[in-house]
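Engineer: After the structure tokens below, expect a handful of questions from me.
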Amino acid sequence: MNLNIFRNRTPYLGQVIFKFEKFPHYSGRTILNHVHLDLGFTKLVSRLKPYRTLEGWAVNPDRVEAINSYTGGMIGTHTFGPDDENVLENSFLSKDGQYIGDLQKGWWYFKNAMTVCEEYPHGVAEVWNTAPGKETLQHGKFDLKGYYGYTHRGGSLFSIGDRLFDESYEPREEDYEEWEWAGWVEKFDAKMDKADPLDRSWLEQSGIASVIPFKMRGAKVIETWDEAKQAAINMSKYLS
């Protein structure tokens, strides 16, 4: 038997249970641990039932240490509201205390070789070609894969050679390779053919930009890492 199937992949301590679910991406008394088999109409998933303490869910101290050591952020307490009356324990924060997300967000950063973008911590991350380590924390640019801009609505990685995202940009055929533009036209036409009246109205309003990836929506080709960072910031602001 492959015991790896029972592995807890979350930053919490708890019991792994198995279920068949069609829509497993929710949190309640349990959280999604892993999708093991996707059958289309349903999925075999494992979920974690976290152990509880007086402060809430029991956290895995080894994984908290990994987040603190390798993401450029830290797990701590976030307070907000009048007189800091609202308290969120086990929050993922930038080094200067800005709120980025919860503990799972910090674990997501660690698992995906991401570090906090100090200039825009809530919505942009640095992504590395290698797993987090000493070189990552030293920001060795030779190891940088790109900047990931995101919100709860989606995200995109920007690297040298992509386009500097501009939400006001109107895509022009002359800005792209012939094969690129032809592919997007074909994709747009196919969507229009299948669209219901409501979707068709939205597609007509959005135009071909609706099928062009965020990393290709802009007039300028990204030539520097600073431009890649700015593209990620632009896109994060656009989606927020």
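Engineer: Do you know which residues across the stretch 77-121 are part of a strand (DSSP E or B) and acidic (Asp, Glu)?
Structural biologist: 89, 102
Engineer: State yes or no: is residue 144 closer than 30 Å to residue 120 by Cα and either in contact (Cβ under 8 Å) with a residue 12 or more places away in the chain or out of contact with any Pro (no Cβ under 7 Å at 6 or more places or on another chain) (or both)?
Structural biologist: yes
Engineer: Among the listed residues 48, 93, which satisfies the condition of being at pLDDT 95 or above and over 23 Å from residue 150 (Cα atoms)?
Structural biologist: Of the residues listed, the single one that is at pLDDT 95 or above and over 23 Å from residue 150 (Cα atoms) is 48.
Engineer: OK, next. Of all residues in the stretch 169-185, which are exposed (fewer than 12 other Cβ atoms within 10 Å of the Cβ) and assigned to a loop (DSSP other than H, G, I, E, B)? Give the steps one after another, and end with the answer.
Structural biologist: Step one: list which residues in the stretch 169-185 are exposed (fewer than 12 other Cβ atoms within 10 Å of the Cβ), which gives 170, 172, 174, 177-179.
Listed by number, the residues that qualify are 170, 172, 177.
Engineer: Right, something else. Starting from the stretch 191-207, keep only residues that are part of a helix (DSSP H, G or I), then list their pairs with residues that are at pLDDT 90 or above and basic (Lys, Arg) whose Cβ atoms are within a distance under 7 Å, requiring at least 6 positions of separation or different chains.
Structural biologist: From the stretch 191-207, the pairs are 192/200; 203/191.
The values are calculated or read from the model by the stated rules, or taken from the named source; none is laboratory data. Being a predicted model, the structure only gives us computed values, none of them experimental. When we count neighbours, we look across all protein chains shown, and the Cβ atoms used for this are built from the backbone with ideal geometry, even at glycine.
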